[in-house]
Amino acid sequence: MNSEQAVPRTHRALLSDDVVSSVLSFLAPDAGRAVYPACKLYRELWRRRCAGLLRVLRSPVGDFGFSERVVAYGDGALVPNYRSNSLKTYSASGDHVSDLLLGTPRPTALALRGDGTAWILLGCPHFIVCARLDDPTYSSAIMEINPERLHPDFADGDSCRVCDIGLAGDRLLILSSFENFTENHPKQFARVHVVDDGSGAILYQFRTDLLEYESGLFAVQDDMLYVAGFSTNVIHIYNWRQGSAAGLIRPEGDLAFRMPWGVAVSGKMLYVSEQGDWSEEEDVPGRIWILRLPDDVSSAATVVQVIPSPDGAELGGLCLNGGQLWCMGPDERRTHMHLLGPCY
């Protein structure tokens, strides 16, 4: 017997797409990378299997205080850093690049306008302002929106909490909850306010299905607005142009949401981050979800991947930039980001 005859050969039936794909489907994304050196067939099938899946590229990234939102900026990310009164920018590899708008009073959320300016939600004083990002001293605002203007029936003793802001074309969307501290007041629902991006004029508003303090952050794509229901464990969908409810995303069973807080959308893919369940009975950390949206909003979304919190803690807002996903850690005195990217 010569050496060629002694070499064991794999039967071609075991190399069929169906068989290999079935075997690879049981492997976790990180474990499956071991198939790379096997053969070209395994490598190509694994890349197909991992299409749309993410893995942690770098964690932790940055050092922030009371920061819970991140937005795409350049090829990296920008974080409103409440503690240092500034906007911190990061490269695609997770390296700190610069600090913008030093002295900005407690920035909490940001909506980039694409012309070197941005709408900024300030925690102190509680205003929404439009300012230039290249003004290091924040010397003046182009436009201002006083949250009290959002509710025509605003009165003494009332409070308006702005939950999140975001741009949809030439419209600025503001999610807010109106709070009345008097006794026996009726239940107040969060509202979405549609504002002209050019003038700052409030055009119209509509009521959501979320009570005060029930909502997390939101994402918008075309006419659809996706709001994380922090206390409802549901992603609420609205047609913001029509001011009407359009559907719900609610995985069930063991895959039910646990206090969803951040949400991002790109094409048919929806990304959700959770704070997790920190009840007295047990501590269950948050997760990052990847779901495929249906063609019809009345149909159920498909769960593509569920990623445990990289540091076992709660998660904050998230954003997409190219093939990378940036996700904030907990909104605490000291926190950080997680940077995720494609599995292959």
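The values are calculated or read from the model by the stated rules, or taken from the named source; none is laboratory data. No experiment lies behind these values; they were computed from the predicted model shown. Quick reminder, even Gly has a Cβ in these numbers, built from the backbone with ideal geometry, and neighbours come from all protein chains shown. When the accessible area is computed, the model is the full protein with side chains, heavy atoms only, and any ligands, DNA or RNA have been set aside. Shrake-Rupley method; radii C 1.70, N 1.55, O 1.52, S 1.80 Å.
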Could you please tell me the mean projected area of the C-alpha convex hull for the range 191-344, averaged over all directions and given in square nanometres to one decimal?
10.9
Expressed in nm to one decimal, what extension gain is obtained for the pair residue 199 and residue 75 from 0.36 nm per residue of sequence separation less their Cα-Cα distance?
41.7 nm
When Lys and Arg each count +1 and Asp and Glu each count -1, what net charge do the other residues less than 14 Å away from residue 337, Cβ to Cβ, add up to?
-3
What FRET efficiency do you get for residue 222 and residue 96 if R0 is 41 Å and r is their Cβ-Cβ distance, rounded to the nearest 0.05?
0.75
Of 323, 307, 293, which is farthest towards the positive pole of the range 262-344's charge dipole, taken about the Cα centre with +1 and -1 on the beta-carbons of Lys, Arg and Asp, Glu respectively?
323
Among the Cα-Cα pairs of the range 263-326, the proportion with separation greater than 18 Å, in percent, is 41
Per residue, how large is the accessible surface of the range 214-290? Use a 1.4 angstrom probe and give square angstrom.
41
Just grab the label-to-label distance for residue 306 and residue 255, each label 7 Å out from Cα along the Cβ direction, in nm (one decimal).
0.8
